[in-house]
Structure formats: structure tokens, C-alpha cells
2 protein chains.
Amino acid sequence: MLKLYGYWRSSAAYRVRIALNYKGLEAEQVSVHLVKEGGEQHKADYAKLNPQELVPAFIDTDSGDTSGEFVLSQSLAIIEYLDEKYPEMALLPQNMQQRAIVRSMAMSIACEMHPLNNLKVLQYLAKELNVDDDAKSSWYHHWIHEGFGALEKQLEAHAGQFCFGDSVTLADLCLVPQVYNANRFKVDLQSYSNIVRITHNCNQLGAFVDAMPEHQDDAT
Amino acid sequence: MLKLYGYWRSSAAYRVRIALNYKGLEAEQVSVHLVKEGGEQHKADYAKLNPQELVPAFIDTDSGDTSGEFVLSQSLAIIEYLDEKYPEMALLPQNMQQRAIVRSMAMSIACEMHPLNNLKVLQYLAKELNVDDDAKSSWYHHWIHEGFGALEKQLEAHAGQFCFGDSVTLADLCLVPQVYNANRFKVDLQSYSNIVRITHNCNQLGAFVDAMPEHQDDAT
């Protein structure tokens with residue numbers, strides 16, 4: 001049995017939801033409210049499960065792990081695990097170089113963009129550095145434009161219907177939640193024609209639609 | 001032939017240098033000075049190679065890629081590629097669950113800590129948000145303590161001589177440069193006993209010693 005601890009608006013949980021849907025895997029979804037009462041991710045029970053006090057956390061009770069439940073954090077590590085355990089509907093190309101490019105594109109979002117714009121960072125800017133809403137918005141927009149500007153150039157070389165050719169990959173699973181998030185913060189993305197086009201293509205697929213934040217049980 | 005564009009103080013390039021050394025691979029090293037003249041990573045020639053305008057960038061001229069030179073960015077994607085192409089001295093465990101845990105630990109550094117503390121972010125804080133040196137230092141220390149606090153708990157469950165058991169893995173390649181960086185910013189790490197111990201163990205190995213920033217040709 002698979003279990004995913006997430007939150008409807010978490011981009012990182014959103015990535016894993018798409019992976020599960022794409023592979024047709026059932027997982028119990030547990031909501032961890034990132035804002036209520038200072039954030040449920042900081043409560044003792046959850047912190048024991050994931051000391052990083054972040055979502056997502058993932059459990060596989062049927063991993064063959066001798067210690068019983070196999071607990072994993074970090075969305076890209078979870079998705080690589082799912083892709084190895086359930087190789088149907090592969091999220092990484094078979095070819096070594098192609099696989100590396102897909103990982104590189106995924107990480108250009110996961111290691112350069114998302115970390116600068118997630119909740120804990122925006123909270124730190126406001127609370128500890130007294131950054132006002134306008135400057136916080138500029139911060140957000142700056143990293144989105146820097147990241148998507150570079151990604152758009154990579155896509156010119158590699159994209160087809162999706163980020164890498166005509167199959168859904170790990171890169172698309174990172175792109176779509178980042179675009180969703182950027183739209184929420186009113187970033188104008190229209191100059192990134194590949195990004196807009198690929199996101200549109202992804203969002204025609206049930207796996208992506210069902211994973212959308214507003215379609216989650218904990219959406220408010 | 002392998003070629004690595006890096007910079008002596010870049011933690012991400014440092015990770016790749018350790019991987020190359022550990023696997024006994026020769027690579028031509030090209031220095032991209034991240035500070036001089038506004039940063040050589042922003043020059044047109046380099047930006048063409050890596051539109052993210054970050055180090056490292058990596059070239060494999062003997063990849064079998066039909067387009068000739070195979071160019072790759074993002075340190076973890078580069079290291080996974082090296083580990084697949086040169087499987088001797090593996091940097092990821094064979095066991096699927098163990099491999100996932102190693103990736104998770106590596107990403108807890110690469111996706112949560114390093115992105116908040118790298119040069120471009122510290123420059124933005126100072127230049128765009130007028131954050132003074134004390135507050136910038138607090139920012140830096142905050143994310144190091146948050147990240148290492150969580151990692152230390154994961155290490156209690158998984159560490160041996162190294163981050164995962166008694167073999168060097170991708171997690172160690174991320175840990176050691178992050179510790180180096182934290183020491184440079186005078187973060188007191190002594191309460192993280194596993195992190196301190198593992199870093200010490202790693203730094204007994206030639207692969208790690210030769211990759212140290214101060215041992216690079218472009219160190220000043």
C-alpha cells in the first residue's frame with residue numbers, strides 16, 4: 001500500500017500526485033495543512049515521519065524493506081523510486097543521455113526555482129527581513145523569470161509535445177506545478193511559448209487534471 | 001573526453017569534482033570565474049553552453065550522442081550520468097529502497113539548503129532588498145541549521161562511516177561541499193555529530209581532498 005502525505009497547494013506534492021496518476025497507482029492521500037495552527041508539518045508526529053517538516057512524505061508498506069514501512073521524503077527521490085518500482089509508463093527515457101537531460105531540466109526547476117519561492121522562504125522574507133508585499137512579489141517574479149528564461153532555451157533544443165520529445169517525463173511533472181504556482185503569483189508567462197504550450201498539452205491529460213490543487217480533497 | 005566547467009568555490013562544481021575523482025575519471029577543468037567582471041558565467045559563450053548561467057556545466061565528447069558533444073548542466077544530473085556511464089565505484093546503492101534514501105538525503109541538501117545560500121541569492125538579498133551583512137549571515141545560518149538539523153536525524157537512522165552505511169554515496173558528495181561552505185560562513189556545526197564525523201571520514205579520502213576548493217588551479 002502506498003501513502004502520500006501532501007497538501008493541495010504544495011508544488012512538490014503536486015509532482016508526486018501526477019506521477020501516481022500517470023502510472024495508475026492508488027495511494028492513500030493524507031493532508032498536512034501547511035498554514036493552519038502554524039503548520040501541521042511541524043507537529044511531532046509528522047516531524048518524526050519527515051524530520052525536514054516538509055511535504056510530501058511517502059510511505060510504501062510493501063517495499064520488501066525488512067524494517068516494515070518504507071518512508072521517503074523529497075519529491076524527486078519519491079518519483080525516481082516510483083519509476084524504478086513501477087517501470088510501466090516510464091517517466092525517464094531509456095537512453096542514458098536523454099535521461100540525463102530530463103533530470104537536468106527537472107532539477108533546473110526543483111533546485112533553482114521552487115526552493116526560492118516556497119512557503120517557508122516567503123514567510124522568512126516577510127517575518128525576519130520585513131520585506132513588504134511588493135518586494136516579496138518582485139523576489140518571486142525574479143526567480144521565475146530567471147529559471148523559465150533558461151528552461152525555455154533548453155526546451156527549444158529538446159521539446160516536442162512535452163518537455164523532452166513527445167512523451168511525458170519527470171521534467172513535465174516539475175514544470176506544470178511550477179507554472180501553476182507562477183500563475184497564482186500573477187507572473188506573465190506568455191513570452192515562454194514552449195512552457196505555455198507544453199503546460200497546455202500536459203493539462204489535457206487526466207493524470208495532470210486529477211492532480212491539480214483545486215481537485216484535491218483538502219482544497220479550500 | 002570529459003570536460004567540467006566549474007569554479008573553485010562552487011559547491012555544485014565541488015560535488016562533481018569529487019565524483020570524477022572517486023571514479024578515477026580524467027576531465028579537463030575549465031574555470032568560470034563567478035565574481036570577476038560581474039561573473040564570467042553570464043558571458044555569451046558560456047550562456048550558450050548553459051542557459052542557466054550557472055556552474056557546473058559538463059561536456060562528454062564521447063557520449064555516442066549523434067549531435068556530437070553532449071552538454072549537461074545541474075550537478076546531480078551530471079553525477080547520475082557519470083554513475084550510469086561509469087558504474088565502477090558506484091555512488092548509489094544497488095537496492096532500490098537504499099538508492100531512494102541516498103537520493104533523498106542528497107536532495108535535502110541540493111533542493112533545500114544550497115539553493116538558498118548560493119551566490120546569486122546572497123547578491124539579491126544585498127543589492128535588491130538592502131539586507132545588511134548581519135541579516136544576510138542570519139539568513140545563511142538559518143537555512144544551514146534547518147537543513148542540517150533534519151539531515152542529522154536521517155543520519156542517525158542510516159549512517160555508518162558515511163551518510164549511508166560504509167560506502168561513499170551521492171549523499172556524501174553533497175554533504176562535504178555544504179559543510180565546507182557552512183564553515184566558510186562560520187556556522188557552528190559541533191552539535192551535528194554525525195555530519196561532523198562523516199565529513200571528517202570523507203576528507204581522509206584522496207578523492208575528496210583533491211576536490212577541495214583550495215586545491216583547484218583557480219583558487220585565489
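The numbers here are math on the coordinates, done by the rules we state, and not lab data. Only a predicted model underlies this, so the values are computations on that prediction, with no experimental measurement involved. Every residue, glycine as well, gets a Cβ built from its backbone with ideal geometry; the counts of neighbours run over all protein chains shown.
Annotations
- Residue match in region B:185-193 (condition: more than 9 Å from every other protein chain (Cβ to nearest Cβ), surrounded by 15 or more Cβ atoms within 10 Å (Cβ to Cβ), in contact with a helix residue (DSSP H, G or I) (Cβ under 9 Å, 6 or more places away or on another chain) and part of a helix (DSSP H, G or I)): no
- Selected residue (only one of A:76, A:49, A:92 is touching a residue at least 60 places away in the same chain (Cβ under 8 Å) and farther than 29 Å from residue B:119 by Cα): A:92
- Top-ranked residue of region B:87-112 - restricted to ones that are touching an Asp or Glu at 6+ places or on another chain (Cβ under 8 Å) and more than 8 Å from chain A (Cβ to nearest Cβ), ranked as surrounded by the most Cβ atoms within 10 Å (Cβ to Cβ): B:91
- Residue that is farthest from residue B:147 (Cα to Cα), among those in region A:64-85 that are surrounded by fewer than 17 Cβ atoms within 10 Å (Cβ to Cβ) and more than 10 Å from chain B (Cβ to nearest Cβ): A:68
- Residue match in region A:134-143 (condition: of a type in the set (Lys, Arg) and within 22 Å of residue B:121 (Cα to Cα)): yes
- Candidates B:16, B:32 - the one that is touching a helix residue (DSSP H, G or I) at 6+ places or on another chain (Cβ under 7 Å), more than 26 Å from residue B:89 (Cβ to Cβ) and crowded, with 16+ Cβ neighbours inside 10 Å: B:32
- Exactly one residue out of A:116, A:205, A:151, A:125 is touching a Phe, Trp or Tyr at 6+ places or on another chain (Cβ under 9 Å), aliphatic (A, V, I, L, M), buried (at least 18 other Cβ atoms within 10 Å of the Cβ) and closer than 30 Å to residue A:94 by Cβ, and it is A:151.
- Residue match in region A:170-184 (condition: more than 16 Å from the chain's Cα centre (by Cα), more than 9 Å from chain B (Cβ to nearest Cβ) and without any contact (Cβ under 8 Å) to a residue 12 or more places away in the chain): no
- Residue, nearest to the chain's Cα centre (by Cα), within region A:128-141, restricted to residues that are buried (at least 16 other Cβ atoms within 10 Å of the Cβ) and within 8 Å of chain B (Cβ to nearest Cβ): A:139
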